[in-house]
Structure formats: structure tokens, C-alpha cells
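The values are calculated or read from the model by the stated rules, or taken from the named source; none is laboratory data. None of these values were measured; they are calculated from a predicted model. A quick note on method: Cβ atoms are made from the backbone with ideal geometry, for glycine too, and the neighbour counts reach across all protein chains shown.
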Amino acid sequence: MSRKLALAAVALVAATSVSLPALAEDEYNVSTGITAAGAPLGLHGFDPVALTTYNAVAEGDASHTVVEDGVAYYFASADSAKMFKKDPARYAP
């Protein structure tokens, strides 16, 4: 009886450890697919500087792309991209 219980416990632990990563949320909120910059798109294309600094939602433009930590971020303007490059930890999710 105890052998069956031990086997069931091992099976439960194995099943749980395999399924938990599938439930984890993406740290960078990336879209599926790869951008022209060769990295997944962060924040679904919205400008992180506008969200953080101005508390506004601004759709980014691919012409203002910065790749940080393997994630491509789009910005509404060159100024926003420049601010992000100076301090990415402040603006990245």
C-alpha cells in the first residue's frame, strides 16, 4: 500500500512541475511572432515611455524600435526611444 502511495505522490509532483511553467505569465508581455528587429514585440507595440512618463497609451511605430534584453519595443517618437535607451530599467515592464 505504501509503495502505491509513494508512486502516486511522485506522479503528482512530476505532473505539477511540468504544468506550472505553462501557466506562468510572460515577464515582458510579448506578442507572438518576431519583429523585423529579430525579437518578439514587447507591450504589444505600445510605447513604454508614454505609459510610464505621461500615463498615456501611445501606439509605437516600427521605425522607432529599440531591442532590450531580447525584446523589441516600439516607440511613438524618436525622443521616446532615446529616453528608453538612457534608462531601460525605468521603462521596461
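Quick check: is even one residue across region 5-17 surrounded by 15 or more Cβ atoms within 10 Å (Cβ to Cβ) and either in contact with a Phe, Trp or Tyr (Cβ under 9 Å, 6 or more places away or on another chain) or modelled with pLDDT under 80 (or both)?
The answer is no, given that none of the residues of region 5-17 is surrounded by 15 or more Cβ atoms within 10 Å (Cβ to Cβ) and either in contact with a Phe, Trp or Tyr (Cβ under 9 Å, 6 or more places away or on another chain) or modelled with pLDDT under 80 (or both).
Could you tell me whether any residue of region 23-41 is in a helix (DSSP H, G or I), in contact with a strand residue (DSSP E or B) (Cβ under 8 Å, 6 or more places away or on another chain) and modelled with pLDDT under 95?
no
Restricting the search to region 42-71, which residues are at positive phi and part of a helix (DSSP H, G or I)?
Selection gives Leu43, His44, Gly45.
Which residues, taken from region 72-86, are touching a Phe, Trp or Tyr at 6+ places or on another chain (Cβ under 7 Å), more than 11 Å from Gly45 (Cα to Cα) and either outside any helix (DSSP H, G or I) or not aliphatic (A, V, I, L, M) (or both)?
Answer for region 72-86, where residues must be touching a Phe, Trp or Tyr at 6+ places or on another chain (Cβ under 7 Å), more than 11 Å from Gly45 (Cα to Cα) and either outside any helix (DSSP H, G or I) or not aliphatic (A, V, I, L, M) (or both): just Phe84.
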